[in-house]
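*Asks:* Handing you this structure, nothing more for now.
The values are calculated or read from the model by the stated rules, or taken from the named source; none is laboratory data. The shown structure was predicted, so the numbers you read here are calculated from the model rather than taken from an experiment. Cβ: placed from backbone, ideal geometry, glycine included. Neighbour counts: every protein chain shown.
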Amino acid sequence: MLSEKHKTHIHHVFYQLCKERSWSIGLPTTFRWEYLPIEYTHVQSRLYFDGNQPVIEIHPLAFFHRYLVKGLIHHELCHYMLGVEKGHGEEFRAYEEEWQFYYFFKERTLQFGRMLSRNQHKFIYTCLHCQQTIIENRPIRGAVCRSCCEKHAKGNYDDRFILHIGGVTHNET
């Protein structure tokens with residue numbers, strides 16, 4: 001599930017894109033927004049349908065790269081507008097390139113793709129309760145905020161304080 005900060009950012013970007021492209025495709029809540037699995041190194045975002053609801057997944061590390069998320073959302077909304085069955089063919093590329101910021105975004109996505117393929121990132125965990133962050137070299141499952149467990153659960157494990165995973169890169173190029 002997306003953090004509230006990322007969800008708010010996506011909604012803001014969604015409205016910007018609809019204005020820039022003169023799209024009338026509903027509200028951002030028409031879509032379900034999720035994170036791609038953090039292990040993905042070749043996919044930055046994707047669109048699929050769960051029944052009739054469109055679902056857009058975005059790589060969680062993309063949120064640490066300014067401007068990248070807007071381009072990824074634009075890319076997936078182009079798929080939505082044309083139909084996912086069109087793939088990345090000539091019609092899709094021409095439609096996507098009509099956006100005034102396309103080439104700026106393309107540069108960012110290539111840099112991000114290189115970073116993912118090198119897999120040079122650390123993982124940042126954030127407690128959504130106290131906002132404390134912990135940086136680790138590898139993903140850990142079921143980690144909780146020790147400080148919040150000590151303060152609010154008498155030092156016992158408490159799943160109310162499970163750490164939210166994201167990522168931060170060593171090198172963005």
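*Asks:* Consider residue 64 carefully, then state whether it is under 17 Å from residue 5 (Cβ atoms), in contact with a strand residue (DSSP E or B) (Cβ under 8 Å, 6 or more places away or on another chain) and either buried (at least 17 other Cβ atoms within 10 Å of the Cβ) or touching a residue at least 24 places away in the same chain (Cβ under 8 Å) (or both).
*Replies:* Criteria met by residue 64.
*Asks:* Test residue 57 against the criterion of being among the acidic types (Asp, Glu) and under 11 Å from the mean Cα position of the chain (by Cα), and give yes or no.
*Replies:* When the stated conditions are applied, residue 57 passes them.
*Asks:* Say we look at the range 32-61 and pick out the residues that are touching a helix residue (DSSP H, G or I) at 6+ places or on another chain (Cβ under 8 Å) and assigned to a loop (DSSP other than H, G, I, E, B); which of these is surrounded by the most Cβ atoms within 10 Å (Cβ to Cβ)?
*Replies:* 59
*Asks:* Going by what's in this entry, would residue 86 be described as modelled with pLDDT under 95, in contact with a helix residue (DSSP H, G or I) (Cβ under 8 Å, 6 or more places away or on another chain) and charged (D, E, K, R)?
*Replies:* So residue 86 fits the description; yes.
*Asks:* Report yes if some residue within the range 13-31 is in contact with a Pro (Cβ under 8 Å, 6 or more places away or on another chain), outside any helix (DSSP H, G or I) and either under 22 Å from residue 85 (Cα atoms) or at pLDDT below 95 (or both); otherwise report no.
*Replies:* Looking through the range 13-31, at least one residue is in contact with a Pro (Cβ under 8 Å, 6 or more places away or on another chain), outside any helix (DSSP H, G or I) and either under 22 Å from residue 85 (Cα atoms) or at pLDDT below 95 (or both).
*Asks:* Can you list residue pairs whose Cβ atoms sit under 6 Å apart, with the first residue in the range 30-48 being assigned by TED's automatic domain parsing to the domain that holds residue 74 and under 18 Å from residue 88 (Cβ atoms) and the second being in a strand (DSSP E or B) and modelled with pLDDT of 90 or more? Count only pairs 6 or more apart in sequence or on different chains.
*Replies:* Final answer for the pair search is 36/57; 45/58; 46/57; 47/56; 48/55.
*Asks:* Read through the list (1) in the same structural domain as residue 60 (by TED's automatic domain parsing); (2) farther than 24 Å from residue 14 by Cβ; (3) not acidic (Asp, Glu), then give the number of the only condition that residue 100 fails.
*Replies:* Failing condition for residue 100: (2).
*Asks:* I want to confirm something. Restricting to the range 72-127 and keeping residues that are aliphatic (A, V, I, L, M) and either outside any helix (DSSP H, G or I) or in contact (Cβ under 8 Å) with a residue 40 or more places away in the chain (or both), which single residue is farthest from residue 5 (Cα to Cα)?
*Replies:* The selected residue is 81.
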